[in-house]
Amino acid sequence: MYKLGKNNRKWFIFSLCNFFVVSCYAIEQNNTFDATTIPFEELLQTDYIPASKIAEQISSASSAVSVVTSREIKLFGYKTLADVLNSMRGLHTFQDYEYTFLGGRGYGEPGDYTGRIVLLIDGYLANDSFYGQAFFENDGLLDVSLIERVEYIPGGSSAGYTSNALLGVINIITKKGSDINGTNIAYGYGSHNTKTRRVTFGHVLDNGADVLFSLSDLNTAGRDFTYGSGGQKVSNTNNDAKNYRMFLKTSYKNLSLEGALVSHTKQKPAYPSMNVDTNLPLKHQDRNSFVRLKYDADISKNTKFSTSVWYGQYFYDFKDFTNSFEPFGVKAKWYGYDFKLIGTWFDKHTLSIGSDYRHDYRFNDYIIYDDGIDNYTYTPKKTYSTYIYDDYAMLDNLNLNYGIRYEKVNTNTQKLISPQISLIWQVQNNTSLKLSTSKTSRQPTVYEYVENKTEKAKKTEFVIEHTIDDTRLLASLYRYSIYDRLFWYDVSDIDAKGFETEINKYFDNDVYLKASYTYQKAYEVEDKKSLINVPTHMAKLHLSRPLLGKKLQSGLEVLYLGSRLDSEYDKVKSHMVVNLNLLSQDWIQNINLSFKINNLFDKKYKDIMYTNSSGEKYYPQDGRTFYLEMEYRF
């Protein structure tokens, strides 16, 4: 368990006292609020953004879509995108004290930057172009308070979204200025002397322009570590982190402009990464940014047009205080544009036709030696792609969705074709059956140093969805084959299969329940070995209910991760973590308070790493921690 120092104990006691004083004051004032300001029925029918970029109901999606809304983010006290994704059916996150990675659908390679899942922010591809990495923690581009909803669309989605989406797409929809309608100032304090600040302005101006602007930062001292048989202790000053973020989103008539930047500096204890002095840290900095201009218009009654142009860049700097490595870094810059037409020119057909161009015009890395700097520049990459996607209403209750994407990269002699097709049968008004199959390809990143080769995946999935009144039931069966894997050496193909089920239920007394279970098996085709870090079983429970006559909303989260294999094929025991969040809104006018306890029962558990020269295989994770935040709305 995390031990509070003297100053931290004062902060903790002071924060708790203030929290309960405010609670008592609110009870005396008898100011109630509706904790479920977004009805659960609306959550069940939440639109998602499909490949055609026309909003549809979840029930008409071709795969088992998961959606977490801004309301759920508040109810359960999620502080990072990793928290949100870890709450979703079939996904689990894991980290190595530097970065957080994502596993799901039979894949969970430790240290794998790409994860075979694409991250989009309002349709913008947010993976960096050098490593192909998606950032899920405080190194990410967005503060979670800016998120309207997060969508996870499992399965091969290259035809309608983007290339490289072997196992699915995570699409983040951000809030608009009208959602904020004023100025919010927030301050947070938590374990490990963590401090956060945020100011967000959102408004619709007199001329109709919608503006959202946000600044935030984080500073944390990190945690204490004790490693190895000798019980070496690493000071928390060797695990500190800080970041700052900026986000802008504005729209006027048919034009919209969006941009974000983040600078994140993190220190990692050298041990157990390598067998070196444990009192010295490894330090790195990630800087990521983008800007995107978009134009949307209705050309005619049956035709919608959309085009955008964007620019992005990523920088990474590494410094090793142990003198085991020379400092090094990477730089990547890119720009591109896209356009699409969405038309209902033919009876019962909704067609989406588009083309993308991306130019990664700068790739280079550098190493700083005692006698100078060694720079290496990689070949720029130009990616050309075009696609067509059709939603064909064959019958009133039967839809055929099919599409294909063609892609060519100047650094690769192969031309990629990624098709997908699905059949959706609305058996009854509240029951649908879905069958889909796809073939998806992934280009190598610069970091993977593989030329003229693409990684491919085939997927088949069957989904049953049933919605009745305020209850939604879902079950999914899937199978994947991943072959021609992109590694520096030859590796076996992968075969994965699994089953997922989920229930969402809203009760009359403002109680919200979401529960899911996942079974998955994945193995290497050649030697039939099970893949490492793929839990056979996962189960998740989310329960939210009002307390004190709706004056306080509680959010309880129970996350069970089944046993899995480590890098030496030894079994790692299962574990269950319980998180609790308390949320009050407008007990005192215009003030929101939240108090989050992670790992409520101080469960000891660990994440998997590749065995290193020190013989270490695991990353022990945090015990019980807390976080308190106050937000004031002007």
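I'd like to know if the range 619-634 contains one or more residues that are hydrophobic (A, V, I, L, M, F, W, C) and farther than 30 Å from Arg198 by Cβ. No, that holds for no residue. Looking at (1) touching a residue at least 60 places away in the same chain (Cβ under 8 Å); (2) touching a Pro at 6+ places or on another chain (Cβ under 8 Å), find the lone condition where Asp356 falls short. The number of the failed condition is (2).
The rows are residues; the columns are (1) buried (at least 17 other Cβ atoms within 10 Å of the Cβ); (2) under 26 Å from the mean Cα position of the chain (by Cα); (3) farther than 19 Å from Ile117 by Cα; (4) at pLDDT below 90.
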| residue | (1), (2), (3), (4) |
| --- | --- |
| Tyr478 | yes, yes, no, no |
| Leu486 | yes, yes, no, yes |
| Asp495 | yes, yes, no, no |
| Ile503 | no, yes, yes, no |
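Tell me, yes or no, whether the range 266-277 has at least one residue that is buried (at least 20 other Cβ atoms within 10 Å of the Cβ) and at pLDDT 95 or above. Looking for residues that are buried (at least 20 other Cβ atoms within 10 Å of the Cβ) and at pLDDT 95 or above, one finds none in the range 266-277, hence no. For the range 347-397, the set of residues classified as under 22 Å from Ser308 (Cα atoms) and among the hydrophobic types (A, V, I, L, M, F, W, C) consists of Leu351, Ile353, Ile388, listed by residue number. Highlighted here are the strands (runs of 3 or more DSSP E) found entirely within the range 355-427 that include at least 1 residues which are over 21 Å from Ala64 (Cα atoms) and more than 28 Å from the chain's Cα centre (by Cα): 372-377, 381-395.
Cβ-Cβ contacts under 6 Å between residues 6 or more apart (or on different chains), taken from a first residue in the range 130-152 that is under 18 Å from Glu631 (Cα atoms) to a second residue that is aliphatic (A, V, I, L, M), are listed as Val144/Ile73; Ile147/Ile172; Glu148/Ile173. Exactly one residue out of Gly403, Gly343 is out of contact with any Leu (no Cβ under 8 Å at 6 or more places or on another chain), surrounded by 15 or more Cβ atoms within 10 Å (Cβ to Cβ) and more than 22 Å from Glu451 (Cα to Cα), and it is Gly403. Of all the residues in the range 185-211, those that are within 11 Å of Thr250 (Cα to Cα) and either assigned to a strand (DSSP E or B) or in contact with a Gly (Cβ under 9 Å, 6 or more places away or on another chain) (or both) number 7. Checking every residue in the range 519-538 against the condition of being without any contact (Cβ under 8 Å) to a residue 60 or more places away in the chain, within 30 Å of Val446 (Cα to Cα) and among the small types (Gly, Ala, Ser) gives at least one match. Hey, among Asn429, Asn452, Asn412, which residue is within 30 Å of Ser516 (Cα to Cα) and free of Cβ contacts under 8 Å to residues at least 60 places away in the same chain? Checking each option against the conditions leaves just Asn429.
Could we say that Asp508 is surrounded by fewer than 15 Cβ atoms within 10 Å (Cβ to Cβ) and acidic (Asp, Glu) here? Answer is yes for this residue. So, of the residues in the range 445-476 that are acidic (Asp, Glu) and closer than 30 Å to Thr411 by Cβ, which turns out to be surrounded by the fewest Cβ atoms within 10 Å (Cβ to Cβ)? Checking each candidate, the answer is Glu451. As a summary of the residue check, Asp602 satisfies the conditions (1) crowded, with 19+ Cβ neighbours inside 10 Å; (2) assigned to a loop (DSSP other than H, G, I, E, B); (3) within 27 Å of the chain's Cα centre (by Cα) except for the one numbered (1).
Evaluation of Leu552 against the conditions (1) surrounded by fewer than 17 Cβ atoms within 10 Å (Cβ to Cβ); (2) farther than 15 Å from His92 by Cα shows that the sole unmet condition is (1).
Test Arg71 against the criterion of being over 29 Å from Gly329 (Cβ atoms), surrounded by 23 or more Cβ atoms within 10 Å (Cβ to Cβ) and modelled with pLDDT under 95, and give yes or no. Taking the combined requirement at face value, the residue does not satisfy it. Across the range 182-211, the qualifying residues are those that are surrounded by fewer than 17 Cβ atoms within 10 Å (Cβ to Cβ) and touching a Lys or Arg at 6+ places or on another chain (Cβ under 9 Å), and the one among them that is farthest from Ala134 (Cα to Cα) is Gly208.
Checking each residue in the range 520-535 for being surrounded by fewer than 17 Cβ atoms within 10 Å (Cβ to Cβ) and either modelled with pLDDT of 95 or more or closer than 21 Å to Met88 by Cα (or both) picks out only Lys521. Checked against (1) in contact with a helix residue (DSSP H, G or I) (Cβ under 7 Å, 6 or more places away or on another chain); (2) within 24 Å of Met609 (Cα to Cα), Asn504 passes all but a single condition, namely (2).
The values are calculated or read from the model by the stated rules, or taken from the named source; none is laboratory data. This one's a predicted model, so the numbers in the text were calculated from it and none came from an experiment. Neighbour counts are summed over all protein chains in view; Cβ atoms, including those assigned to glycine, are modelled from backbone coordinates with ideal geometry.
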